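In what follows, a structure is listed as C-alpha cells, so that the remarks can point back to it.
The values are calculated or read from the model by the stated rules, or taken from the named source; none is laboratory data. What you see is a predicted model; the values in this text were computed from it and never measured. Here Cβ is always computed from backbone atoms with ideal geometry, including for glycine, and neighbour counts include all displayed protein chains. All accessible areas refer to the heavy atoms of the entire protein, side chains included, with ligands and DNA or RNA removed. Shrake-Rupley method; radii C 1.70, N 1.55, O 1.52, S 1.80 Å.
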Amino acid sequence: MSESEVGTLAFAESPVQLLNILEWARGARAERCTLVVLPPRDPTTRGQLRRMAGLATESGHEVRWQEARGGAAAPTRALAALAGPLRRARRLVIGDPFSRYLQLLLSLTRPRDVVVVDDGTATMEFVSQLADGERLVRWHRPAARGAAGLLFAPVARRAVHRLRPGAGRTVEVFTAMPVRQLDGITVTENTFPWTREHFGHPRVTAGADLVGTSLVETGVLREDRYLAAVTDLAREHGVARYWAHRKESAEKLRRLGELANVEVVRPDLPLELVARRGPIGGRVLSFPSTVVHTLPRVLADTEVKVLVCALAEGWFTDRVSARASGFLSNVTSSARGVHGLVSLPAPQP
C-alpha cells in the first residue's frame, strides 16, 4: 500500500457501518477509499461483513480484512499493520466512536479530516455527549468507569479530541438520524442514494413484516415480555416474516417462530439492503431501533408503510437505567416527528 493510495482510510466493525461508508463515499464522490474491516467473532456478523466487503469491492474501493480480535496477540498485530496507513491517511472515516479499538486508533493519528458515519441510533447519543462534553458511553451501558475504564481514560480523551474540529482539522457527521447541530461540525444527511441505485425498486408483498431487535441480548428487555409482544403483534397485524437481528440468539428465534407462527429470516445483508432488494411487506413493524429512521428514507419512493411499536415499562429488565429507557423513547418520538411514522401502542400482557 503506497502513500498515494491512502487518501481516505475508513474503518468498519459492522455491516451497517460499512453500508454507511459506501453511502458517504457516493455522496462525497470519494472514488476510491481504503476500507479496513475489523470483524468481530460473531459468525453471523462476519458473514454479513463478507457480503458487504464484496459490494464495496464492486463499487471500486480497496478492502482490507484485518483481524483484531482473534486471540491475545491479534490487537497488537493489527496495530502494527495499520500504523503506516494511519500515518499517511489524510481523512479518517469511522462508524463507531464508542469502540475502544477505534478510539485507540484515533489517539495514534492526527488526520486532517474526520468523518463519523452512522452505527445505528448510537449516533444520536454520540452527538449529544460530544455537545455536552461528556465521556462517550453507550446508552445501554452503566456510566461507571471501573478499573479498565480508568486505565483507558487518557486514550479516550485523546480520541474525543480528534473528534472535535481544531486547527487544520474538519469533522463531519454523516447520518440518517435526527441529531443536534454542533458548532464547527458539518452534519450531512444520508438519504441512501447508493442503496436505491444499486438495488432498484423492490417487490412489495401483501401483509406485514416485523423487524427483530437484540434488546433482549443486550439486557434491556425481558425475553418473556418480548416474545409475548411479538406474538401479539403478529396475530393483530398479520405478520408473515420476522427479520432477525444479527445478534439475536438461535434459541430465542426458535421459540419466537413457534409462539408467533411467523417465518424467521436471518438476513444476509443489512435490513436496508434486504428491504430494497425485496420482497418486503407493505407494512413494516419495528420496535425503537435504527430502521425506524433508515427504512423511511430507503423506501421513500415505494408504498411501504413503516410503523414503530412502543415499549412498555414492564418489559425492561432491572438493570435498565432511566437514561436508557429515555433514549429509546426519544428514538420513537423522533421517528414520529421527523418521518411522520404511526406509533403502535405496546401490547399489554
* Structure fact -> Mean accessible area per residue over the chain (1.4 angstrom probe, all protein chains present, square angstrom) is 43
* Please find the FRET efficiency linking D132 to S329, where r is the Cβ-Cβ separation and R0 is fixed at 25 Å, and quote it to the nearest 0.05. => 0.85
* Using a simple spin-label model with points 7 Å from Cα along the Cα→Cβ vector, what separation in nm is obtained for R266 and R319? -> 2.3
* Structure fact -> Dividing the mean separation of Cα pairs under 8 Å (6+ apart) by the residue count of the chain yields a relative contact order in percent of 15
* Asked: Expressed as an acute angle from 0 to 90° and rounded to the nearest 10, what is the orientation of the C-alpha long axis of helix 43-58 relative to the principal long axis of the chain?
  -> 60
* Asked: How big is the convex hull of the Cα atoms of segment 78-127, per residue, in Å³?
  -> 73
* Structure fact -> Cα-based Rg and Dmax for segment 31-95, in Å, come out at 12.5, 36
* **Dimensions in Å of segment 232-330 - Rg and Dmax from alpha carbons** => 14.4, 42
* To do: Provide Rg over Rh for segment 180-269; use the alpha carbon set for both Rg and the Kirkwood Rh (inverse mean inverse pair distance).
  => 1.10
* C-alpha long axis of helix 146-162 to longest principal axis of the chain, angle in ° -> 70
* Asked: Quick one: how many Å² of T302 are accessible to a 1.4 Å probe, rounded to 10?
  -> 20
* Show me 39-45, 316-322 ranked by packing, highest mean number of other Cβ atoms within 10 Å first. => 39-45, 316-322
* Calculated [θ] (222 nm, deg cm²/dmol) that DSSP helices of n ≥ 4 give over the chain, each run adding -39,500 (n - 2.57) -> -13000 deg cm²/dmol
* Determine the gain in length on full extension of the stretch T218-A206; use 0.36 nm per residue of separation and subtract their C-alpha separation, reporting nm with one decimal. => 1.1 nm
* **Rounded tilt (10° steps) of 74-88 against the dominant C-alpha axis of the chain** => 60
* Grab the Cα-Cα distance for E258 and R235, subtract it from 0.36 nm times how many residues apart they are, and report the gain in nm with one decimal. => 7.0 nm
